[in-house]
1. Please go through region 52-87 and give me each residue that is closer than 17 Å to Arg12 by Cα, more than 16 Å from ligand 2 (Cβ to nearest atom) and surrounded by 17 or more Cβ atoms within 10 Å (Cβ to Cβ), ordered by number.
2. For region 98-157, give me each residue that is of a type in the set (Gly, Ala, Ser), more than 14 Å from ligand 1 (Cβ to nearest atom) and in contact with a His (Cβ under 9 Å, 6 or more places away or on another chain).
3. Would you mind telling me which numbered condition in (1) within 23 Å of Gln177 (Cβ to Cβ); (2) of a type outside the set (Ser, Thr, Tyr); (3) within 16 Å of ligand 2 (Cβ to nearest atom) Phe48 fails?
4. Determine the pairs where a residue that is within 16 Å of ligand 1 (Cβ to nearest atom), located within region 9-25, has a partner that is part of a helix (DSSP H, G or I) and of a type outside the set (Val, Ile, Thr) with Cβ atoms under 7 Å apart, the partner being 6 or more residues away or on another chain.
5. Output the residue which, of all residues in region 147-205 that are of a type in the set (Gly, Ala, Ser) and without any contact (Cβ under 8 Å) to a residue 40 or more places away in the chain, is farthest from Ile82 (Cα to Cα).
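The values are calculated or read from the model by the stated rules, or taken from the named source; none is laboratory data. The structure displayed is predicted, hence computed values, not measured ones. Note that each Cβ is placed from the backbone with ideal geometry, even for glycine, and that neighbours are counted across all protein chains shown.
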Amino acid sequence: MELKIAIQKSGRLHEGSMQLLKECGINISNGNNQLRVKASGFPLEVFFLRDDDIPEYVQDAVADIGFAGQNVVAEKNKSVLIAEPLGFGKCRLSIAVPKNGNILSVQQLNNKRIATSYPYILSEYLQKQNINASIHEISGSAEIAPKIGLADAICDLVSSGSTLFSNELEELETILQSEAVLISTKRLSEEKQELLAKLLFRIRAVKKATNNKYVLLNAPNDRLPVICNLLPGMRSPTVLPLAEPGWSSVHSVISESDFWNIIEQLKNAGAQGILIVPIEKMIV
Ligand code: PRT
Ligand code: ZN
């Protein structure tokens, strides 16, 4: 019994998908550029596909699970379950208009033309906003549409914003935040559900580790209460005596998101010799 997973063959999600599986202890050798490969380290068979096709394959249970962008999952509107956000492939789907033009608000899109590869998400959004605009479906390079007179606005994915910038466009409104997600078919056998639970356990341990750092520091004993207060850790910080009397070493885990903030507070509280170490896996 194997779980069949669909991942992007090549493109922006390919590396992240392979990397995540690798960190879960799953190795995939695709030296011969095959479309279907058996993995080692987990009972998994990998299908390499175009990202656009993944939701349908998963809906139809040709693949049991898949890694795809939320943007694609929402646009294709297939009947699948979203099991887990994966933390890579982050971007947003935004409406953008020419800089210094006359469209300053979403309401001003009424009776305008919008070019996009996301007609379904966009039409749902416009309907909710009660805006009557015409959608020009294109398969890519939306950013040139206003310049060549094909549309008044675009609706496309943005990550750094440099594509918009170099085409003299600016974001008017973000309509969807996206990242890669694990989707699963609604028709998983009990055995396969168990395999998926095992895979999710590994994925969550990897994600938790990526989002956290291990911190070690030295502190005078009289500063320990303040410092430990700043470092809740997984249960509470580990405090060990140093060879030098009156000093201790403190070990704990801090989250990536408030990392710099906490480091500054630790320094101000008298911590010295602060070391930050990556965590490989984290099981709580
Ligand atoms: O061949 P296949 O169909 O599988 O791939 P594809 O060409 O359709 O997709 P691909 O590989 O370009 O993107 C796959 C997925 O990556 C998308 O569906 C998103 O979920 C995610 N992703 C993350 C992005 C971006 N960031 C992104 N920046 N997909 C596309 N872009 C494009 C965007 O369309 C625009 O042209 O990058 C440009 C904007 O980038 P910035 O950095 O200039 O803002
Ligand atoms: Zn695609």
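1. Once the filter is applied, which keeps residues that are closer than 17 Å to Arg12 by Cα, more than 16 Å from ligand 2 (Cβ to nearest atom) and surrounded by 17 or more Cβ atoms within 10 Å (Cβ to Cβ), region 52-87 yields only Leu86.
2. Restricting attention to region 98-157, the residues satisfying the condition of being of a type in the set (Gly, Ala, Ser) are 101, 105, 115, 117, 123, 133-134, 139-142, 145, 149, 151, 153.
Filter once more, keeping what is more than 14 Å from ligand 1 (Cβ to nearest atom): 101, 105, 123, 133-134, 149, 151, 153.
The one that is of a type in the set (Gly, Ala, Ser), more than 14 Å from ligand 1 (Cβ to nearest atom) and in contact with a His (Cβ under 9 Å, 6 or more places away or on another chain): Ala151.
3. So Phe48 meets the others, but not (1).
4. Once the first residue is within 16 Å of ligand 1 (Cβ to nearest atom) and sits in region 9-25, its partners that are part of a helix (DSSP H, G or I) and of a type outside the set (Val, Ile, Thr) give Gly11/Asp51; Leu13/Asp51.
5. Of everything passing the filter in region 147-205, Gly149 is farthest from Ile82 (Cα to Cα).
Conditions tested, residue by residue: (1) surrounded by 13 or more Cβ atoms within 10 Å (Cβ to Cβ); (2) at pLDDT below 95; (3) out of contact with any helix residue (DSSP H, G or I) (no Cβ under 7 Å at 6 or more places or on another chain); (4) closer than 25 Å to Lys76 by Cα.
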residue: Gly101; (1), (2), (3), (4): yes, yes, yes, no
residue: Arg113; (1), (2), (3), (4): yes, no, yes, yes
residue: Thr116; (1), (2), (3), (4): yes, no, no, yes
residue: Tyr125; (1), (2), (3), (4): yes, no, yes, yes
residue: Gly140; (1), (2), (3), (4): no, yes, yes, yes
residue: Ser162; (1), (2), (3), (4): no, no, yes, no
residue: Glu168; (1), (2), (3), (4): yes, no, yes, no
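Quick grid of which residues meet (1) of a type in the set (Asp, Glu); (2) part of a strand (DSSP E or B); (3) touching a helix residue (DSSP H, G or I) at 6+ places or on another chain (Cβ under 9 Å):
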residue	(1), (2), (3)
Leu240	no, yes, no
Val250	no, yes, yes
Ile263	no, no, no
Leu266	no, no, yes
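Listed here are the residues, each with its yes/no results for (1) surrounded by 14 or more Cβ atoms within 10 Å (Cβ to Cβ); (2) outside any loop (DSSP other than H, G, I, E, B); (3) under 24 Å from the mean Cα position of the chain (by Cα); (4) within 16 Å of ligand 2 (Cβ to nearest atom).
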residue: Ala151; (1), (2), (3), (4): yes, no, no, no
residue: Leu157; (1), (2), (3), (4): yes, yes, yes, yes
residue: Glu173; (1), (2), (3), (4): yes, yes, yes, no
residue: Gln177; (1), (2), (3), (4): no, yes, yes, no
residue: Leu182; (1), (2), (3), (4): yes, yes, yes, no
